[in-house]
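What follows draws every value from the coordinates through simple rules; no lab data is involved. All of these numbers come straight from a predicted model, not from anything done at the bench. With ideal geometry, Cβ positions are generated from the backbone for all residues, glycine too; neighbour counts draw on all protein chains shown.
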Amino acid sequence: MAVDPNKLKVILVTDCGSTTTKAILIEYKNGEYRQTTRGEAPTTVEKPFEDVTKGVLNAVREVEELSGRKILKGDDIMTPASGNEGVDIYMSTSSAGGGLQMMVAGVVKTMTGESAARAALGAGAIVMDVLASNDGRLPHQRIERIRHLRPDMILLSGGIDGGTVTHVAEMAELIGAADPKPRFGTSYMLPVIYAGNKDAREIVTKTLGEKTALLVKDNLRPVLERENLKPARDAIHDVFMEHVMAHAPGYKKLMAMAHEVPIMPTPGAVGLMIQSLAKADDIAAVGVDIGGATTDVFSVFYGLNEKKEREATFNRTVSANLGMSYSISNVLAEAGLENIMRWVPFELDEADLRNRIRNKMIRPTTIPQSLEELQIEQAISREALRLAFKQHKEMAVGLKGVQQERTISDAFEQTGSGDTLINMMDLNILIGSGGVLSHAPRRAQSALMMIDAFMPEGITTMAVDSIFMAPHLGVLSTVNAPAANEVFIKDCLVRLGSSICPAGQGKEGQPCVTVRFTRADGTKVDESIKVGEMKLIPLGVEKVKAQVNPAKQFDVGAGKGKETEVTLEGGTVGVIIDGRGRTLLLPADKKERIRKLNEWNQALDIYPAK
């Protein structure tokens, strides 16, 4: 059913998270869309309630009480709005019940396997495993893996159109032999989406048609040089609604309540919001959501397509083992003790750090109670963010095998990755969300954590999603993108300011970069910093034209040593100039490293002065 965006003046959106259901009310007042009221309640998808709508209604009742608007009539949401009653539309996103969990299967792990994973991740799924003909596992091991994981659905791909069908047929037989049972409900068949070589459709249908709820879509990689992810992503979303959500506790009732716009997986909605913002302003954007168990990274970067036209590419990755509470020990295991210790600005015993991390894992809801605990948590977060972004860059790559003469048999020998699409010099905005970033005691702490973890280059605007409203606005963007963008910018994002990070390296104490601009009140700023220094220039929420002149071995976007005029955006922090160079090399000597960390913290007013 088509929704007329012009008729949407009072909008209610909920996000059913794994622990909390958040409801927001958006109203069109005085010529603009603004978020006016917010309510929260515990999610009720598990026992004793086993009905997700109970938590939704509780969150909406809080919105009713706070706004003074009557929205509910019994357990029904009143639509459309009339006077001070009802809303024009109700929408929802959800990650309750663990979200959308998928397995993907392809022929070559670094080609169709990765394309399938990108399709699933972009649709808001957690990819539990990638099966491929060349993944080094024996057939019985793959069958055992499918049975053990019990995914919500499987995406099967493989082969270019017109290529060999043998390997796709083998993968289909493995799935058929595993005969996997879905996570929710035993009375229905597991959904399998086939998006591979069109010549293998008949064989796949014959093998899986009676054992699974099979859906056939266009090939993800019709030719080696091109990905076609949209049909598979759309199918994943549809199947998620029809099969997975329909069997989760209370979701049929929720689907009936939000009948005008389909319920969307929370991460998929966040991705849509990042894409909507990037498209509206024609900018490259990176968003990160760091949670207790997982860290999601979203990116939109531009490149040239086969017709040499500028085209945006969206990527999303889920680092399912990198988080700040439940997965905090995995951060230690993956980053290593040394990498975490290098960000701690005081002497700390290794055993003490290990014990603090273990305590956080067994008491995941605790928050830092002292400055030392806060500094340790923020040191760990830098590594969680850095590793998640490293994984993202490895996934967001150009297509494998492109512009190379090779046969399918050659492709099996192929190792390594294509070039990453992530170019930090092109990045316009970096957006952080999740407790450690959104609720840092000082906004400058969030800014420095993101600079240290993501290593932006050139000029980058930074912001945090203060109240995790991106999922709500992502689903709203499907029916009214301008309204979603307006609320996102005015009510959701807290603008931190800009970072100026010259790329290159030099000897400590040598000139690095000079920045000149005039504030709106006429005050002139002329700041120079040396290699190894950081500096904070206060600048409120305003945009200024600035001349940035790097030293000859440094680049801020125009080339080494070349001055450039840029637009700097201020915010709650201001303009941070980072003269530490790229790649950042921290001092090897522990005492010198601690001294430098404290020097930078003091320069940016990160922590209270002792």
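Evaluated at q = 0.06, 0.07, 0.08 Å⁻¹, the base-10 log of the normalised Debye intensity for the chain, with identical point scatterers placed on the Cα atoms, takes the values -0.34, -0.46, -0.61. When peptides 585-596, 249-260 are sorted by average Cβ neighbour count within 10 Å, with the highest value leading, the order is 249-260, 585-596. Ranked by the mean number of other Cβ atoms within 10 Å of their residues, highest first, the peptides 112-121, 540-549 come out as 112-121, 540-549. Distance between Cα centroids, the stretch 164-235 to the stretch 37-77: provide it in whole Å. Computed from Cα coordinates, the inter-centre distance equals 38 Å.
Measuring between their Cα centroids, the stretch 266-297 and the stretch 540-610 lie 25 Å from each other.
With θ taken as phi - 60° and the Karplus curve 6.51 cos²θ - 1.76 cosθ + 1.60 applied, the whole-hertz 3J(HN,Hα) list for the stretch 571-581 is x, 5, 9, x, 10, 9, 9, 10, x, 7, x Hz, x standing for glycine and proline. Averaged over residues, the count of other Cβ atoms within 10 Å places the peptides 126-133, 33-40 in the sequence 126-133, 33-40, highest first. Full extension of the chain between Asp161 and Thr205 yields a length gain of 14.2 nm, computed as 0.36 nm times the residue separation minus the alpha carbon distance. Once the C-beta distance of Thr478 and Lys591 is scaled by a Förster radius of 41 Å, the resulting FRET efficiency is 0.15 to the nearest 0.05. Here the calculated FRET efficiency for Thr20 and Asp282, from their Cβ-Cβ distance with R0 = 56 Å, stands at 0.95, rounded to the nearest 0.05.
In a simple Cβ point-charge model (Lys, Arg +1; Asp, Glu -1; nothing else charged), the stretch 5-96 has a dipole of about 280 debye relative to its Cα centre. Only helical runs count toward this figure. For the chain, summing -39,500 (n - 2.57) over DSSP H runs of n ≥ 4 and dividing by all residues gives -9500 deg cm²/dmol at 222 nm.
Computing Rg and the Kirkwood Rh from the Cα coordinates of the stretch 451-610 gives a ratio, Rg/Rh, of 1.03.
Could you check how many percent of all C-alpha pairs in the stretch 5-96 are farther apart than 20 Å? That fraction is 31 percent.
As an exercise, find the ratio Rg/Rh for the stretch 99-262 from alpha-carbon atoms, using the Kirkwood inverse-distance average for Rh.
Checking Rg against Rh, the ratio lands at 0.96.
Computed extension gain for Ser370 through Lys524, at 0.36 nm per residue and net of the alpha carbon distance, reaches 51.5 nm. Among Cys16, Cys492, the ranking by other beta carbons within 10 Å of each residue's beta carbon, starting with the fewest, stands as Cys492, Cys16.
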